[in-house]
Amino acid sequence: YYTNMEGAREGHRSLEPAPIMASELGANWKNMTWTHFMMRMFNRIHFTQVEAHLLMVQLPGWKKLLARLMWDYIRDIPWRLKTPISRRLACGSAGVARLYLSVLKREIPLEFNTQMVELIADGDTVLGAVIECNGQRQRVRAAKGVILASGGFEKNQALREQYLPAPTNTTWSAGNPGNEGDALLAGLELGAKTRLMNDAWWTTTLCVPDEPAPRLAIMEKSFPGSCVVNRDGKRFANESQNYMAFQKDLFKTHTEEHPNAPAWHVFDATFRENFMVGPLMTKAMKPDSQIPKKWFDEGFVAKADTIRELADMLGIDADGLEETIGKMNHYAETGKDEDFGRGDSAYDRYYADPAIKPNPCLAPIVKAPFYAMRIEAGDFGTLGGLDTDTSARVKKADGGVFGGLFAVGNCSAAILPTYPGPGATLGPAMTMAYQAACHMNA
């Protein structure tokens, strides 16, 4: 994600789960949670991250890929009788499905609909936990230890307000709805040490009216022919940089007098025709006449014949927005973003259009009508939590570690908080879970 840093090398470092057929799980496929709907075509057909790149930017071969995915879906009649969701899983659901399959093959018991209520401890040693399963509370004694792996606290508004920078709101978070900080609170109750509590895995999000969860606003704002502005009509960051860095820049200059949240993704008719923009898709896929009226009424999207009119609709400073669009059009001509260096790094150019010269990240914003889509200061999880050692043992606030208590994933403090690349959450979570298991069985 930081290819402009000294010593960085480009490409070939990220991994994603290989697609897997849900039917490999047998009847257990019904226990699965599907990958986020933004990573499912028409909310039904899963696609990989690589496929998403091809489709979103409409690179050579995208039509052939689209046709193949749709044909494979349509002809799978037996699976259509079970569910409207595609048999082929990709991205997160594929990764979880493969792990779940491994658990099933090893006959490791799993309890669903089960919540941890509290940890059971004797002094500095954790002996087990009180759980609630299907409305019944049970005390479970751990033979070798308890591993907490329950996610962060992104869906707990009180904890967000206590620890995270403002503005902050659970409704902007694309994290798991169940991540309310249960493991963190249980650890704090015992006197656990915490770290990095004021940080999260930041990304701007799209809170689309009537959709069940926010969408991540990652690719759209990187495409050429658009920019992101605040209420002053000013840009505050390089839109094509990685999403974590972008939002850190948002917080850096955000004030109550000059807020960066919410912000607006501004683009023109050419952009609307050529690129998929979140739920708007492309104009051919979702004509303006099919955009729900509620989206306009609630200020999620706006459309106008002039930049000034667009600004007035949304309460954005019109002079500021006109000045910003004028700058962007000049940068598109020269190929140099004089404000934030958009397009200077290899990462910037990943979600760009190579056909656009001289800078694939910059294209003019000149063709009416003009559009804006509201984006929020969201996240997909918190990264602060229980402090652990190299064996994932939870540290005590007064020194030392707890016996029999381990923490991995987002309920523990991040190992790679700068988010150097994709998998900076999942990779350490799986690694530290392995470390915990090795220590417990040593």
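The values are calculated or read from the model by the stated rules, or taken from the named source; none is laboratory data. Owing to the predicted nature of the structure, the values given are computational and were not obtained by experimental measurement. Glycine gets a Cβ as well: all are built from the backbone with ideal geometry, and neighbour counts include every protein chain shown.
Structure values in brief
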| quantity | calculated |
| --- | --- |
| Close pairs (7 angstrom Cβ cut-off, 6 or more residues apart or separate chains): under 17 Å from residue 132 (Cβ atoms) and assigned by TED's automatic domain parsing to the domain that holds residue 166 in the stretch 176-201, of a type in the set (Ser, Thr, Tyr) and outside any strand (DSSP E or B) anywhere | 182/150; 183/150 |
| Where a residue in the stretch 211-238 is outside the structural domain of residue 348 (by TED's automatic domain parsing) and hydrophobic (A, V, I, L, M, F, W, C) and its partner, wherever it lies, is surrounded by 23 or more Cβ atoms within 10 Å (Cβ to Cβ) and part of a strand (DSSP E or B), with Cβ under 7 Å and at least six apart | none |
| Meets criteria (under 19 Å from the mean Cα position of the chain (by Cα) and either part of a loop (DSSP other than H, G, I, E, B) or farther than 26 Å from residue 202 by Cα (or both)) for residue 437 | no |
| For residue 311: the one exception among (1) at pLDDT 95 or above; (2) under 16 Å from residue 221 (Cβ atoms); (3) aliphatic (A, V, I, L, M) | (2) |
| Residue check, residue 282 at pLDDT below 95 and either closer than 28 Å to residue 345 by Cβ or in a strand (DSSP E or B) (or both) | yes |
| Hey, residue 433 under 21 Å from residue 153 (Cα atoms) and surrounded by fewer than 19 Cβ atoms within 10 Å (Cβ to Cβ) or not | yes |
| Residues that are more than 20 Å from residue 106 (Cβ to Cβ) and touching a residue at least 60 places away in the same chain (Cβ under 8 Å), drawn from the stretch 1-17 | 1, 2, 3, 4, 10, 11, 13, 14, 15, 16 |
| Looking only at the stretch 1-42, and only at residues there that are more than 18 Å from residue 92 (Cβ to Cβ) and acidic (Asp, Glu), the one that is surrounded by the most Cβ atoms within 10 Å (Cβ to Cβ) | 10 |
| Residue match in the stretch 361-373 (condition: modelled with pLDDT of 95 or more, of a type outside the set (A, V, I, L, M), buried (at least 19 other Cβ atoms within 10 Å of the Cβ) and within 21 Å of residue 182 (Cα to Cα)) | no |
| The one condition in (1) surrounded by fewer than 17 Cβ atoms within 10 Å (Cβ to Cβ); (2) in a loop (DSSP other than H, G, I, E, B) that residue 403 fails to fulfil | (2) |
| Members of the stretch 86-130 that are under 21 Å from residue 50 (Cβ atoms) and in contact with a Lys or Arg (Cβ under 7 Å, 6 or more places away or on another chain) | 86 |
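Conditions tested, residue by residue: (1) of a type outside the set (Val, Ile, Thr); (2) at pLDDT below 95.
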position	(1), (2)
208	no, no
228	no, no
267	yes, no
276	yes, yes
288	yes, no
294	yes, no
